[in-house]
Amino acid sequence: MDQFVKTIFKAGALIFDAQHRVLAVHKRGKPPNEYIVPGGKIEPGETDEEALRRELLEELNVRVLSVTPYDEFQAKAIYEDALLVMRTYFVVIERAPVPGSEIDHFIWLDAYFETSGYQFASILGQQILPRLLAEGHLGFT
């Protein structure tokens, strides 16, 4: 990867519903059709799981029931000269999400995400979704 001014570490939640669709969120103030993985920056002294619990409560008004490591993905950050490192986790939440701070709405994506008409941040669209599909995690609803 190219040299960047800094590295940003984020924890990303891969949350699935009963139809094997994965949750993607839209942040307020971002381009209208651009979706990302729920979660966020890891604060100093915080573990990935603590960051996920904090971010998901803020973003989606849900409590986390379980966190299982998945994988780490990297890409250039969209809005700054930085390398984004996202450690992802399969996360089970207590109930249906409700948009909270920073999030204005969300969508559930299935195996047909490529023809959904939505646009995704690079890590989600170019790395995570294709891999989830290849591994059989996404349903054909």
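The values are calculated or read from the model by the stated rules, or taken from the named source; none is laboratory data. Here the structure is a predicted model, which is why all the values come from computation and not from measurement. All Cβ positions, glycine included, derive from the backbone under ideal geometry; neighbour counts span all protein chains shown.
Odds and ends about this structure:
- The single condition among (1) within 19 Å of Ile123 (Cα to Cα); (2) under 14 Å from the mean Cα position of the chain (by Cα); (3) assigned to a strand (DSSP E or B); (4) of a type outside the set (S, T, N, Q) that Leu83 does not satisfy is (2).
- In the range 46-80, the qualifying residues are those that are surrounded by fewer than 13 Cβ atoms within 10 Å (Cβ to Cβ) and either at pLDDT below 95 or small (Gly, Ala, Ser) (or both), and the one that is farthest from the chain's Cα centre (by Cα) is Glu80.
- Taking the range 43-80 as the range and being part of a strand (DSSP E or B) and polar (S, T, N, Q) as the test, the residues that pass are Ser66, Thr68, Gln74.
- From Ile128, Ile107, residue being in a helix (DSSP H, G or I), surrounded by 13 or more Cβ atoms within 10 Å (Cβ to Cβ), of a type in the set (Val, Ile, Thr) and in contact with a Phe, Trp or Tyr (Cβ under 9 Å, 6 or more places away or on another chain): Ile128
- The set of residues from the range 95-118 being more than 19 Å from His20 (Cβ to Cβ) and either touching a Lys or Arg at 6+ places or on another chain (Cβ under 9 Å) or in contact (Cβ under 8 Å) with a residue 40 or more places away in the chain (or both) comprises Pro99, Gly100, Ser101, Glu102, Ile103, Asp104, His105, Gly117.
- Looking across the range 10-45, the residues that are crowded, with 16+ Cβ neighbours inside 10 Å, more than 15 Å from Asp104 (Cα to Cα) and either in contact with a strand residue (DSSP E or B) (Cβ under 6 Å, 6 or more places away or on another chain) or free of Cβ contacts under 8 Å to residues at least 40 places away in the same chain (or both) come down to Lys10, Ala11, Gly12, Ala13, Leu14, Ile15, Phe16, Arg21, Val22, Gly40, Ile42.
- In summary, Val25 fulfils each of the numbered conditions (1) under 20 Å from Gly100 (Cβ atoms); (2) in a loop (DSSP other than H, G, I, E, B) with the single exception of condition (2).
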